[in-house]
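What follows draws every value from the coordinates through simple rules; no lab data is involved. As the structure is a computational prediction, the values presented were derived from the model and not from experiment. FYI the Cβ positions are ideal-geometry reconstructions off the backbone, even for glycines, and counts take in every protein chain you see.
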Amino acid sequence: MKLARLNSVPEIFYSVQGEGVSQGSPTVFLRLAGCNLACSWCDTAYSWKRQEAEEMTPHQVLRAIMDIVEAESPEDSPCRHIVITGGEPLLQQQELGELLGLLDGWRVEIETNGTQAPSGELAARVDQWNVSPKLSHSGNRTGRALVPDTLAAFAATGNAWFKFVIAHESDWEEIRQTAETAGIPRSRILLMPMATTRAELAAARAHVIGICLQHNVRYSDRLHIAVWDSRQGV
Ligand SMILES: Nc1nc2[nH]cc(C(=O)O)c2c(=O)[nH]1
Ligand code: SF4
Ligand SMILES: [Mg+2]
């Protein structure tokens, strides 16, 4: 499978989940390479823009994960929570399924842009989907980033949350329409500020919380940005 490379090494790290409903949980992150979209504000473009990626077998990835767990999480309570992100991890479903087969007893979250439907086999191994559908402000071609049938398939799993990046007040209307078409319940929607720096996050937070209150949906902060600013690999 292809892993993103950060500072010339495959991107696997131990941190707290910074976004969504598991925010704050100690987690191993695995970033896969490649994406089918090209968001203008992508904060991990290095994971898909450059052709370089680290090719590893699922067994090698498992070994690298366990090395980090052993080195960084406590011996008396080793981390067994993984977030797989990208890029778009569902472009590598076959290999991902093999890896998840090796992560027996782990809690698995997948961050996805919601354009690729998971196979039933893969879905059975995933505890939580963090789906982040890309609105028109992402600059992707219309129809490419928002795929209603695929979003509906995620909604039907019962373990998906839908995390939308807010750039403007007017984004709510696009979210409302998307949710209605795909059958996404309000209780599963989170709004998150568009921000790649601590200063941008601080400036946008109150405004996005205001939109959440107005429409009775959850807010998600971006803890890793609040804490480590625009640093990658944390
Ligand atoms: N700490 C931390 N939490 C995250 N949650 C989602 C991330 C992502 O890049 O998909 C991410 C990330 O890069 N770091
Ligand atoms: S879907 Fe995610 S990884 Fe892909 S370009 Fe958009 S923000 Fe970047
Ligand atoms: Mg990130």
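Taking the number of other C-beta atoms within 10 Å as the exposure measure, put Leu102, Leu122, Leu213, Leu3 in order starting with the fewest. It would help to have the intermediate numbers written out before the result.
Details: Leu102 14, Leu122 17, Leu213 10, Leu3 24.
Result, fewest neighbours first: Leu213, Leu102, Leu122, Leu3.
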Kirkwood hydrodynamic radius of the stretch 10-129, from inverse mean 1/r over distinct Cα pairs, in Å
14.8 Å
For the chain, convex hull of alpha carbons as volume per residue, Å³:
119 Å³
The chain: angle of helix 198-215 to the longest principal axis, Cα-based, in degrees nearest 10
60 degrees
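Arrange the following residues from fewest to most other Cβ atoms within 10 Å of their Cβ: Asp229, Asp104.
Details: Asp229 14, Asp104 8.
By the 10 Å Cβ count, ascending: Asp104, Asp229.
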At 7 Å along the Cα-to-beta-carbon direction for both Leu62 and Ile209, put a label point, then send me their distance in nm to one decimal.
4.4 nm
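Show me the GluC sites (Glu not before Pro) within the stretch 13-88 that DSSP assigns to loop and that have at most 16 other Cβ atoms within 10 Å of their Cβ. Please list the in-between numbers first.
On the way: sites: Glu19, Glu52, Glu54, Glu55, Glu70, Glu72, Glu75; in loops: Glu19, Glu52, Glu75.
In loop regions of the stretch 13-88 (DSSP not H, G, I, E or B), the sparsely surrounded GluC sites (Glu not before Pro) are Glu52, Glu75.
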Mean-square fluctuation check for the chain, GNM, Cα pairs under 10 Å: which of Gly143, Gly86, Gly24 is largest?
Gly143
Among Ser138, Ser170, Ser73, residue whose mean-square fluctuation peaks in a GNM of the chain (springs only between Cα atoms under 10 Å):
Ser170
Given 4 °C, 1.567 mPa s and a Kirkwood radius over Cα pairs, the Stokes-Einstein diffusion coefficient of the stretch 84-158 in µm²/s is 100 µm²/s
